[in-house]
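The structure under discussion is supplied below as structure tokens; questions concerning it will follow.
Please treat every number below as a calculation from the coordinates, not as lab data. What you are looking at is a predicted structure, and each value in this text was computed from that prediction instead of being measured. Cβ coordinates were reconstructed from backbone atoms using ideal geometry, including for glycine residues, and neighbour counts include every protein chain displayed.
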Amino acid sequence: MGFESSWVEVRSSRRSRRLGLSAVVAGAACAVACARQPTRSPQASVGDAASGGNSDATARSSPAEVGTAQTTHASAGGEAEVVAARSESAVSLTPSGKVVPSAFASDLAKLGLDPRHLPPLRELSPATIKKIMPSFSKSLGVTCEFCHNKNDFRQPTAHKRVAARMWDEFVVKLALNSRAEATAGAQAPVLYCDSCHGGKSEFLNTQNKKAVSAWMSDQFVDNLARTDGAAHDCATCHGAPFRPKFLATWHSER
């Protein structure tokens, strides 16, 4: 749980000999609660324990900090004071605080897949999908039941729909910008589920909208590129006209 606080001291006139000191405490806002989920080391194999992969280690968040704000106000004696009010906003709740190369590249390759050119989910065989599933669990720090109905794994669920769309729209169609900077013969970094999620099902604190917008522009726009070579911007994910809650639409799709 993250908190934002600022303390502003208002001093009275010099004539009052410290008698006018007061403190105004401005709000503490709850950040998105992402309970620590157990997650196995990202180096663990995708194909092992197809049961969904409960983890051995606990994901730890190292939130990114966003800027400082300055507040100017005058004292009773006419003096102007500039008080720096630090605003820390835990935008990314993942350990790295940003989109990073996947730790599952070699594991995907062992399944006969090119991790840098993955096919749409519908083109994968059921056997291959089953072997990939543990990487979903580890990337999000969840068990199989997060997406599946434990009584009927084939039953459609909201999380299964979102997972399928994220594979097709993000994993298949997007890549880390650093791929273009890879030298001949070097292994270009791979964008995968863990690149963004980092062991958490919910990895963004969306309370500070301005900070989230800046983080998304830096990490989701500037740090990524489309695999088809087309121009990449907010509309790649949010569409045009802009749909701020497109994930909710994916949840309700049939």
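Quickly rank 196-209, 236-249 as a protection proxy: mean count of other C-beta atoms within 10 Å, highest first. Walk me through the intermediate numbers first.
Numbers: 196-209: 20.1, 236-249: 12.1.
Per-residue mean Cβ counts within 10 Å order the peptides as 196-209, 236-249.
Would you report the distance distribution of C-alpha pairs in segment 92-246 as whole percents per 5 angstrom bin, up to the bin with the largest distance?
That works out to 2, 8, 16, 23, 21, 16, 9, 4, 1, 0, in percent per bin.
Express in nm, to one decimal, how much length is gained between residue 247 and residue 177 on full extension, taking 0.36 nm for each residue of separation and deducting their alpha carbon distance.
Working: separation 70, 0.36 × 70 = 25.20 nm, distance 2.36 nm.
Net length gain for the segment: 22.8 nm.
Peptides 91-103, 132-144: what's the order by average Cβ count within 10 Å, highest mean first? It would help to have the intermediate numbers written out before the result.
On the way: 91-103: 19.9, 132-144: 23.7.
Most protected by this proxy first, the peptides run 132-144, 91-103.
Please tell me which of these pairs span more than 27 angstrom C-alpha to C-alpha: 130/245; 138/210; 98/173; 98/150? Write out the running numbers ahead of the final one.
Numbers: 130/245 29 Å; 138/210 30 Å; 98/173 19 Å; 98/150 33 Å.
In this structure, 130/245; 138/210; 98/150 lie more than 27 Å apart at Cα.
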